[in-house]
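Comments concern the structure below.
The values are calculated or read from the model by the stated rules, or taken from the named source; none is laboratory data. Just so we're clear, the structure is a prediction, and the values are computed from it rather than from any experiment. Here the Cβ positions follow ideal geometry from the backbone for every residue, glycine too, while neighbour counts run over all protein chains shown. All accessible areas refer to the heavy atoms of the entire protein, side chains included, with ligands and DNA or RNA removed. Shrake-Rupley method; radii C 1.70, N 1.55, O 1.52, S 1.80 Å.
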Amino acid sequence: MQNYVGAPGSTMSRREFLAATGGAGLIGLAGCTAPTNGDASAAIGAEDSTVASADSSKLPFTSPPEVVQVDEQGGAVTIKSRPARHAVHPTEVMGGPVEFPQVWAFQADDGAPSVPGPILRTTEGNDMEVTLDNSDGMRPHTLHFHGARKAWKDDGVPTTTGIRVDPGEKHTYTIPANVPGTHLYHCHYQTHRHIDMGMYGIFRVDPKGYEPADKEYFMTLKDWDSRLPRQMAGEDVSYDARDRRPDVFTVNGKSAPRTLHPEDGSPIIVKHGDTVRVHLVNAGYMSHPMHIHNHRFELVEKDGGVVPDAARYDMDVTNIAPAERHTVEFTADADPGIYLMHCHKVNHVMNGNAYPGGMLGGVVYKEAMNTDIFAGLMEYAGYEM
């Protein structure tokens, strides 16, 4: 079970959350139990050239991505891939349930498998030893890190390095933290299929002397053709990577309203006056113009490059192309309330034919948590209060 409430990077404890919501009526923490297994045919899914390994109904559910402070564990981390089920939106409201019957989730050390994978965080100037442990795997994998100048052999592309990690094998990559910023990592074997099965995550390099904001959050955007995870789970569906038809849109692996769930989702929890920094990573195939309601923000980093002060300006939409990383910063100075953050390709804010849903999250002021509106949103999100 994770240690925070809110999006990855949050420092709000469950006790603080309960106090902010008035806490007395809280029945349970819905994110601490496996979601109800909805009808898989009502969700949307697909398969790979290697057919499903096992009865997908017996697979564990994924957990939310955790932040791994690699410096605190001697600069080393081990990554495995685990088959799992993925509850994108497990309740029956707003076009749900949406479930992927099989994904290939990344797991760091003894942590829980997640989609996106764990956020690997280190500091500029440190080398990171990343061991890809495929001992129990069924298919080859590699790891490729954006935003690091590394040795040829550590690039993670089997066709150009001659290195791939076959089932039963382990391989250690040396990844220098020499490009500060927020980056992407993913499997680069059969990339068109393996990323779309969930093998991606955030790689964060804090610059020397980094000064964090009052609140700092990580968000990974992803568009999915759900036929692929269904095919990999053994369902009789046809998937063609050249005829990809995205039908599920997620923030940190979840679609609204699950994105607002305080433990399973990624609400941006703030209090009035906070400086807020959000690291946005696009792991999908499509561009996503992300809009935050009632706040003006500045783009302060892009793909590991710091945007000079003279080039910054107030904005409320930033268009993030595939594999791009945008870090935006704003002050939580609006009338304390609940404000949407969503892709402005409005058909991406849907679950099937239901609107709203999909790639939609929110900025939630602590001051607005003890309200009937917030309680209603929590009910939609599947959090019992």
Quick one: compute a quarter of the convex hull surface over the Cα atoms of the chain and quote it in nm². 17.7
What net charge do the residues around Lys150 carry, taking every other residue with its C-beta under 15 Å from that of Lys150, with Lys and Arg at +1 and Asp and Glu at -1? -3
Long-range HN-HN contacts of Leu360 with modeled amide H, under 5 Å: Val251, Ala256
Please list 3J(HN,Hα) in residue order for the stretch 172-188, calculated via the Karplus relation 6.51 cos²θ - 1.76 cosθ + 1.60 where θ = phi - 60°; whole Hz, with x for glycine and proline. 10, 9, 9, 10, x, 8, 10, 10, x, x, 9, 9, 10, 10, 6, 6, 10
Report, by chain and number, residues whose modeled amide H sits under 5 Å from the one on Ser63, excluding near sequence neighbours (fewer than 5 apart, same chain). Ser114, Val115
Only helices counted: for the chain, with every DSSP H run of 4 or more residues adding -39500 (n - 2.57) and the sum spread over all residues, [θ] at 222 nm is -2000 deg cm²/dmol
Two-decimal ratio, the stretch 255-319, of alpha-carbon radius of gyration to 2.2 N^0.38 Å: 1.27
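Return the subset of Lys80/Lys150; Lys345/Lys366; Lys58/Lys345 for which the Cα-Cα distance in this structure is over 25 Å, preserving the input order. Working shown, then result.
Values: Lys80/Lys150 21 Å; Lys345/Lys366 29 Å; Lys58/Lys345 36 Å.
Checking Cα-Cα distances, Lys345/Lys366; Lys58/Lys345 exceed 25 Å.
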Give the carbon-plus-sulfur fraction of the accessible surface of the chain in %, rounded to a whole number; probe 1.4 Å, heavy atoms of protein chains only. 49
Per residue of the stretch 96-102, in order, report the coupling 6.51 cos²θ - 1.76 cosθ + 1.60 (Karplus, θ = phi - 60°) as ³J(HN,Hα) in whole Hz, putting x for Gly and Pro. x, x, 10, 9, 9, x, 8
Between Gly22, Gly147, His295, whose Cα lies farthest towards the positive end of the dipole of the chain when Lys and Arg beta carbons carry +1 and Asp and Glu beta carbons carry -1, centred on the Cα centre? Gly147
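Could you pull out the chymotrypsin sites (Phe, Trp or Tyr not before Pro) across the stretch 299-374 that fall in loop regions by DSSP (anything but H, G, I, E, B) with no more than 13 other Cβ atoms inside 10 Å? All intermediate terms of the calculation are to be shown ahead of the outcome.
Working: sites: Tyr313, Phe330, Tyr339, Tyr365, Phe374; in loops: Tyr313.
Within the stretch 299-374, the qualifying chymotrypsin sites (Phe, Trp or Tyr not before Pro) (loop, at most 13 other Cβ atoms within 10 Å) are Tyr313.
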Which order, highest average first, do 177-185, 156-164 follow once you tally other Cβ atoms within 10 Å for each residue and take the mean per peptide? 177-185, 156-164
